[in-house]
Amino acid sequence: MRLSHTADMKRFDELLAPHMDAAYNLARWLTANESAAHDVVQESALKAFKFLHRFEGGNAKAWLLTIVRNESYNWLKASAGHRWVAIGEGIPEDDMALSHALTPEIDAIRTEDAALLQQALKALPPVFREVIVLKELEDMPYKDIAKVTDVPLGTVMSRLARARAMLKTEFMKLYRHE
Amino acid sequence: MNEMNCGLCHSLMQGYMDSELETPVQERLAEHLGNCSECTQRLDEMKRLARAVKAHAPYYRAPMSLTESIRSSLQSPPASKTTTWKMLCNWGAPVLSAAVFAAALFLYAETPSSDDIWTDEAVSSHVRSLMAEHLMDIASSDKHTVKPWFTGKLDFSPPVYDFSAQGFPLLGGRLDYLQHQTAAALSYRHDKHIINTFVVPTTQADSGLQSQSKRGYNIVSWRQNHMRFIIVSDLDKQQLETLGQLTRKGL
């Protein structure tokens, strides 16, 4: 018992501990709340630890982030109470019209404006925000994003297209209002 | 693959810029981009935006306190810690800043509830000793009789003193159990009050005298020389503390 616990701690240190930053970053972006992100990561880590024996190798980071994502959505749903929360489900994935229609001149925009960019990303519905976070900030390949977000590979690409187009629109909107 | 056109190029552009396409597709797209300034401009925009996000969107690193608290909750039985964690969060999740959170965890770690468990049991044991008329296994006011009696019954040597001169005559001793551990219990009397002093070995560091009250009983406890002392009685707090000081000094 004692020994297996020590062994589990060792596995935790090897497999999960290196991804605590990634876990916190995703939770922080999804919940947009510091203490909620703490809560989510703590719960996720305990869950991951509990089911560590079921982890059969492969991508530990994607596995942990899947749990973090689920916990974050649970928190979003719970914190919204009875109010409807716009997670982003139900938005047609194949609706490419938006990105096709968009050809604003982004050249003129100061994309180095960190505050605006952050605000724009925060404004996206969670399912689009998360693909940006996983791709741009975590630099994850599509196949891992597909695992974490539980969608087919093709959907990752269309969702990312949609998310990037939405981010651009949101950024332009904020930029003009400034 | 069909002939490359702008529509197809748009739908594959993300995969292209993220280098996620099969090599032949990637090549055909590159070829199209070479001939289409509109698609090239769109791709440049997307790349700019992606670069801006990479460079300027904050990456929130896990605070040290979080990683540490996770490790420490994994090292002990997860159930109770999780509950504490949840209580902590429900109690003030929206306002609990990282600093307060870290401080709360620190305090929690520093004041183990195990002390409470010990004193709880000591009070129960004290009450039991009064009701069952099982106050003493060895009745003697002579410490030279009581101390050897414990030898062989305990794997540690509890200090035994008679404080008759100070108003706390030793009545005797008995074996007791606290937290499934064999404990030495010494009984004293002060006026008409019965006092039990429980002694168990501990690995925890020495600590100062602590007074509290539970279920109408006063408790004085401390740790010294790898032993935990818990004195319980319905005697008033100050007098109980006097016995505590005497025992502490006697060591």
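No lab work stands behind these numbers, since they all come straight from the coordinates. All values derive from a computational prediction rather than experimental measurement. A quick note on method: Cβ atoms are made from the backbone with ideal geometry, for glycine too, and the neighbour counts reach across all protein chains shown.
For a quick check: sort B:144, B:180 by the number of other beta carbons within 10 angstrom, fewest at the front.
In order of increasing Cβ crowding within 10 Å: B:180, B:144.
May I ask you to list the trypsin sites (Lys or Arg not before Pro) in the stretch B:27-74 that are in a DSSP loop and have at most 14 other Cβ atoms within 10 Å of their Cβ? If you can, show how the numbers build up before the last one.
Numbers: sites: B:28, B:42, B:47, B:48, B:51, B:54, B:61, B:71; in loops: B:61.
Here the trypsin sites (Lys or Arg not before Pro) that fit, given the DSSP loop and packing criteria, are B:61.
Check each of the trypsin sites (Lys or Arg not before Pro) in the stretch B:214-246 and keep only those in coil by DSSP with at most 13 other C-beta atoms within 10 angstrom; list them in order.
Those that pass, being in a loop and sparsely packed, are B:215.
Kindly identify the stretch B:1-49 as rounded, prolate or oblate by the Cα gyration tensor criterion: order the square roots of the eigenvalues as a ≥ b ≥ c, call it rounded if a/c is under 1.5, otherwise compare a/b with b/c, prolate if a/b is larger, else oblate.
Judged from the Cα gyration tensor, the stretch B:1-49 comes out oblate (a/c at least 1.5, b/c at or above a/b).
Mind pulling up the Rg/Rh value for the stretch A:22-75? Radius of gyration and Kirkwood radius, both on Cα.
0.98
As a footprinting exposure proxy, order A:145, B:138 by other Cβ within 10 Å, with the fewest listed first.
Going from least to most buried by this count: B:138, A:145.
With a 10 Å Cβ neighbour count serving as the proxy for reagent exposure, in which order, fewest first, do B:120, B:142 appear?
Sorted ascending by nearby Cβ count, the order is B:142, B:120.
Grab the other residues whose beta carbon is less than 13 angstrom from that of residue B:26, score K and R as +1, D and E as -1, and report the net.
On the way: positive: B:28; negative: B:18, B:20, B:22, B:27, B:31.
That sum, taken over residues with Cβ under 13 Å, equals -4.
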